[in-house]
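*Asks:* Below: one structure in structure tokens.
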Amino acid sequence: PDWTFDKSAAPSTYAAPGDSVTYTYVIANTGNVTLSALTAIDSETIATQRSLAEVPAPTGAETARGDVVAAALAAMGCSVRRDGAGNVMTELSGATRDEPVVVCAHLDTVFPTSVSHVVTQHANRLVGPGIGDNARGLAGMLAMVRVLTKQRIATRHPLLFVATVGEGALLVVAQVLR
């Protein structure tokens, strides 16, 4: 089914407190084996998304959510490392030793730990802080790793998957990854 993810908007210039921001994601099956495999694990991806959203991760305090991502990667048989900034990484080998293609999603949210992070479900709608930004990105990234490792899909370039800290501080992430 198509899912809609609502998050209660935080005070910002983009939305007023209490506003609802709706994200709609649709996975279409184009016949590609990888996309078919992603569609097949959609309920698992949604469950991962929900569990990630329920772990508070305000900018600068992403460790607990990073631990969940690291555990998920390790459970898939991946070698996981954390850098000094707190980014969680795993690399899948490619056919070449070229520079890796980097796939990343940020760990942090704009919601403080004082906000309830409970996610509720109403039919095919999930509502909670950070359910779309960025629990969906993290869950999607983990789903990609799951499919690539389970199906042993070979890529030309290595793939570096990174769950990043400090969404607004991408310069720091880029410097750390150099």
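*Asks:* Fully extended, how many nm does the chain gain between Thr39 and Arg152 (0.36 nm per residue separation, minus their Cα-Cα distance)? Display every interim value, and only then the final one.
*Replies:* Numbers: separation 113, 0.36 × 113 = 40.68 nm, distance 1.71 nm.
My answer for the length gained is 39.0 nm.
*Asks:* Using Cα pairs under 8 angstrom and six or more residues apart, how large is the relative contact order of region 32-147, in percent?
*Replies:* Values: 137 pairs, mean separation 43.6, N = 116.
Relative contact order comes out at 38 percent.
*Asks:* Charges only on Cβ, +1 for Lys and Arg, -1 for Asp and Glu: so what's the dipole of region 37-100 about the Cα centre, in debye to the nearest 20?
*Replies:* Approximately 120 debye in magnitude.
*Asks:* Could I ask something else about it? Going by average Cβ density within 10 Å per residue, which order do the peptides 48-55, 131-138, 113-120 take, highest to lowest?
*Replies:* Working: 48-55: 22.4, 131-138: 24.1, 113-120: 13.2.
In decreasing order of mean packing, 48-55, 131-138, 113-120 become 131-138, 48-55, 113-120.
*Asks:* May I ask you to give the solvent-accessible area per residue for region 67-178, in square angstrom, as obtained with a 1.4 angstrom probe? Don't skip to the end; give the middle numbers.
*Replies:* Details: 5720 Å² over 112 residues.
About 51 Å² of surface per residue is accessible.
*Asks:* Could you look at region 33-178 and say what percent of its accessible area is carbon and sulfur, using a 1.4 Å probe and all protein chains? Could the numbers behind the result be given before it?
*Replies:* Values: 4020 of 7140 Å².
Ligands and nucleic acids excluded, carbon and sulfur give 56 percent.
The values are calculated or read from the model by the stated rules, or taken from the named source; none is laboratory data. Values in this document were obtained by computation on a predicted structure and should not be read as measured data. Note: ideal-geometry Cβ built from the backbone for every residue, glycine included; neighbour counts use all protein chains shown. For accessibility, only protein heavy atoms count, side chains too; no ligands or nucleic acids. Shrake-Rupley method; radii C 1.70, N 1.55, O 1.52, S 1.80 Å.
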